[in-house]
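Here, each number is a calculation from the coordinates, and none is a lab measurement. All values reported here derive from a predicted model rather than from experimental measurement. All Cβ positions, even for glycine, are placed from backbone atoms using ideal geometry, and neighbour counts span all protein chains on display.
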Amino acid sequence: MENNKDKQIALLEALKKGITEVGDLISIASEGLVQCATLLRVDQSEKVFSNLSEGLKSLNAIIDFIVQVEKGIDQLNTQGYNISKDSLACWGKSIPVFEEMLSAFESKDWVTVCDLIQYEIDPLLKEGEQGLKSLLEILNTY
């Protein structure tokens, strides 16, 4: 039976591994979304919307992962660790952007969708990726 310290170490290692893997995915998702936005400006074909849908699913999975990272850090902090979540704060900015994007989708305002992807979501992903790298550096000190 694992003792509490073993569980803490396992959680810490799982967070480190997950952050490393998701960091690579963020760049891919960001590039894909920007390409979709560029295409969507001139082509509203089924293929473009299909690619955009896949990009948004990736984005959703990334956000879900961030929520799990926050929960993991909370768990570790209740057990004596002192891990700041400040580097994850930028992810909270995504909610209003997604709400605006949903509204633009509903009204079929593709220019706004594209602008949000290029000027809001892409920078947010880059900032979030840097935040995860900073968090990984902190976790590597344990």
Do the conditions hold for S103, that is, is it farther than 19 Å from A10 by Cα, buried (at least 16 other Cβ atoms within 10 Å of the Cβ) and either small (G, A, S) or touching a residue at least 24 places away in the same chain (Cβ under 8 Å) (or both)?
no
Return a yes/no flag: does the range 109-124 have any residue that is crowded, with 17+ Cβ neighbours inside 10 Å, under 17 Å from F49 (Cβ atoms) and touching a Phe, Trp or Tyr at 6+ places or on another chain (Cβ under 8 Å).
yes
Given the structure, is Q44 surrounded by 11 or more Cβ atoms within 10 Å (Cβ to Cβ), out of contact with any Ser or Thr (no Cβ under 9 Å at 6 or more places or on another chain), of a type in the set (S, T, N, Q) and in contact (Cβ under 8 Å) with a residue 40 or more places away in the chain?
yes
Would it be correct to say that I62 is exposed (fewer than 15 other Cβ atoms within 10 Å of the Cβ) and either in contact with a strand residue (DSSP E or B) (Cβ under 7 Å, 6 or more places away or on another chain) or of a type in the set (V, I, T) (or both)?
no
